[in-house]
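Let me begin by presenting the structure, written as structure tokens, before commenting on it.
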Amino acid sequence: MRTQFYTASSLDGFIATETDSLDWLFPLGDINDTSYPQFIQEVGALAMGAATYEWLRHNIVQPESGPPGEWPYEQPAWVFTSRSLPAVPDADIRFVQGDVRPVHDEMRVEGNGRNIWLLGGGDLVGQFYDAALLDEIIVQIGSVTLGAGKPLLPRRITFPSLKLMSVQQVGHGFAELRYEVSYPPDNQENS
């Protein structure tokens, strides 16, 4: 079981625009050409922040244009939020707030030994990193720059640095990078 941040980023390090738009992302390639189909099969639980949840609700479940869709995940999902958000019918979604450690413990149990996927945002993933609970970062770097937006991972990670495990070209729009996360010896009680 690994806790993984699987995401896409612009070349200059942003996962979304300042207004949480992902319009830059979809023209770059087909998700089925990436490692995602295999990745999602190994996921037992997932976590996201409120902005990611609201993007999914407004763009997948209840889009402004087009027919309504279904919640895209069968796995239980934890949404970190300090606000009251509407639920998606027939989806296993748990709204939580506070420390990521007890939620991670719940996710491990509910995930039945399968991986935990941290969808985003970057600050939430940073909280898992701060608690020494992040094992791997898998990021598709898109061939666009945004100039500003929501940062990939707003944390300084310098020692030990991330260990590059693999690089793969995905079509003409992405390079997929896979990193293993290590922690200083004094910060490994939760890893």
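Over all alpha-carbon pairs in the chain, figure out the percentage whose distance exceeds 23 Å. Working shown, then result.
Values: 7771 of 18145 pairs.
Pairs farther apart than 23 Å: 43 percent.
Only bridges with both residues in the chain count here: give the DSSP antiparallel percent, nearest 5.
For the chain, the DSSP antiparallel bridge percentage is about 40.
Remind me, relative contact order of the chain in percent, using alpha carbon pairs under 8 angstrom and six or more residues apart?
Here the relative contact order equals 34 percent.
Set Lys and Arg Cβ to +1 and Asp and Glu Cβ to -1, take the dipole of the chain about its Cα centre, and tell me which of T52, I138, M107 lies farthest positive.
Projecting each Cα onto the dipole axis, the largest value belongs to I138.
What FRET efficiency do you get for R101 and E180 if R0 is 25 Å and r is their Cβ-Cβ distance, rounded to the nearest 0.05? Mind showing how you got there, number by number?
Working: r = 21 Å, r/R0 = 0.84.
My answer for the efficiency is 0.75.
How much net charge surrounds Q169 when only other residues with a Cβ under 15 Å from its Cβ are counted (Lys, Arg +1; Asp, Glu -1)?
Local net charge: -2.
Restricting attention to the alpha-carbon atoms of segment 6-76, what are Rg (one decimal) and Dmax (integer), both in Å?
Calculated on Cα positions, Rg and Dmax stand at 13.1, 34 Å.
Suppose we look only past 17 Å in the calculated P(r) of segment 63-138. What percent of the Cα-Cα pairs does that tail hold?
52
How high is the FRET efficiency from K163 to V109, r the C-beta distance, R0 22 Å, rounded to 0.05?
The value I calculate is 0.20.
So, R0 is 45 Å and r is the distance between the beta-carbons of E18 and D90; what FRET efficiency does that work out to, to 0.05?
With R0 = 45 Å, the Cβ-Cβ based efficiency is 0.85.
Near A8, within a Cβ-to-Cβ distance under 15 Å, what is the net charge of the other residues, with Lys and Arg +1 and Asp and Glu -1?
In short, -4.
Since every read-out is calculated from the coordinates, none of them should be taken as a lab result. Keep in mind it's a predicted model, so treat the numbers as computed, not measured. So basically every Cβ, Gly included, is an ideal-geometry build from the backbone, and we count neighbours across all protein chains shown.
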